[in-house]
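Quick notes on the structure that follows.
The values are calculated or read from the model by the stated rules, or taken from the named source; none is laboratory data. Fair warning: this is a prediction, and the values are worked out from it, not measured in the lab. No Cβ is skipped: glycine too gets one built from the backbone with ideal geometry, and neighbour counts run over all protein chains shown.
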Amino acid sequence: MNKTVKIILGIAVLLALVYVLKYFKDSNAKEIIDYKTESPFFSTLDTKIVATGKLNPEEEIELKPQISGIIDAIFVEEGDLVKKGDLIARIRVVPNEQALVSAKSRINSLKLSFNNSQTVFNRNKSLFEKGVISKQDFENSELSLNQSKENYEQAQDDYQIIKQGSLSGGSSANTTIVAQIPGTILEIPVREGDQVIQSNNFNAGTTIATVADMSQMIFEGKVDESEVGKLEEGKDIIVVLGAINEKEFPAVLTFVAPKGVEQNGAVQFTIKADVDIDSSTRIRAGYSANAEIELESKDSVLVIKEALLQFNRITEKPFVELLKENGRFQTKNVEIGLSDGINVEILEGIKEGDEIKVWNKASEENNEDEEDEEDEEDEEDE
């Protein structure tokens, strides 16, 4: 009996020992962190910058009146196509009352002067024919008459211009606004009946309409001071229009500003590019656009994902962790080159086939997936 009890107790102790060993083994296994690894690969790297801006016509003209007045008629609408010389609007001249009174007074004054010169000339002519005065005195009176007549006629012309806007326009003379270039009417900021001001050296004048040649478009945007030194005029770029389903258009960089402007604490430089727009695409002035400018490109270079890189806190030099044969990871310094923001070129330190530690823990991801699956199963059971 004692022997049987001892055997049973021995078996119980052995089972308990096996259970304890299994428990500790499972506990230790859960603490082991299983990291994913990725290997270097060969790829093409392109580094580029993106400039944000707008698409505008290269040639855009504001039509302004050469005389003040009131819009009598507008013959076009926004969006209409016009040819050079097409009639855009007609302006009715409204005379300035003060200038009109002054011009009328001048006419009356010069008329009196002209009549007096006519009288003197007639008298001197009679005296000259009788031999009373010299030929010089007679010619002087004739010259005075001609000058008075010319001044009188000029005053009448001035009065006509002030009153009607032209010499031959009649009582309702008008001045016309015509297109200076062929293109599209972009904007008509005035309406019939609006008063307009003439353009001169002291006043920009009222804009009647804006005409632009939509077949020749330019991109105008800005780049940061850290990137402008890498740009050269004549470089081929790509302009992308978000308003037309991210459609791409070839363009050529034509201008890089020599001087920057500070905006929100950063210095920005203006760039311009001629954009090649195909005839089948309808473009509108002012479209937002992005210019993609390729700076450098390398084919078939060894790269890794930039997220795999780590940096020494003291030296700030890059390194990765390589998986060794014993299953442990070893730190390895690397020399990096070109980067496109996703992948980075490896110049030295690792080779194709090396396994590099990924910082996302596979075990944690698996546990999260299992928990999600269990939650979904519980919801289905409910």
(request) Could you tell me which of the residues Glu220, Glu246 is modelled with pLDDT under 85 and within 16 Å of the chain's Cα centre (by Cα)? (result) Glu246
(request) Tell me which residues, restricted to segment 67-92, are surrounded by 13 or more Cβ atoms within 10 Å (Cβ to Cβ) and assigned to a loop (DSSP other than H, G, I, E, B). (result) Ile67, Ser68, Phe75, Val76, Asp80, Asp86
(message) With the requirement that a residue be under 10 Å from Ser68 (Cβ atoms), among the aliphatic types (A, V, I, L, M) and assigned to a loop (DSSP other than H, G, I, E, B), what does segment 183-205 give you?
(response) Ile197
(message) Quick check on this structure: which one of Ala285, Ala291, Ala243 is part of a strand (DSSP E or B) and under 30 Å from Leu81 (Cα atoms)?
(response) Ala291
(request) Could you list all residues from segment 93-106 that are surrounded by 17 or more Cβ atoms within 10 Å (Cβ to Cβ) and either assigned to a strand (DSSP E or B) or at pLDDT 80 or above (or both)? (result) Arg106
(request) Residues being over 26 Å from Ser43 (Cα atoms) and either in contact (Cβ under 8 Å) with a residue 40 or more places away in the chain or not polar (S, T, N, Q) (or both): count how many of those fall in segment 291-315. (result) 2
(request) Please verify whether segment 120-127 includes one or more residues that are closer than 30 Å to Glu139 by Cα, touching a residue at least 12 places away in the same chain (Cβ under 8 Å), surrounded by 18 or more Cβ atoms within 10 Å (Cβ to Cβ) and out of contact with any Cys (no Cβ under 9 Å at 6 or more places or on another chain). (result) yes
(request) Go through (1) at pLDDT below 90; (2) under 17 Å from the mean Cα position of the chain (by Cα) and name the single condition Phe202 misses. (result) (2)
(message) Criterion first (modelled with pLDDT of 90 or more, more than 15 Å from the chain's Cα centre (by Cα) and not in a loop (DSSP other than H, G, I, E, B)) does Pro258 satisfy it?
(response) no
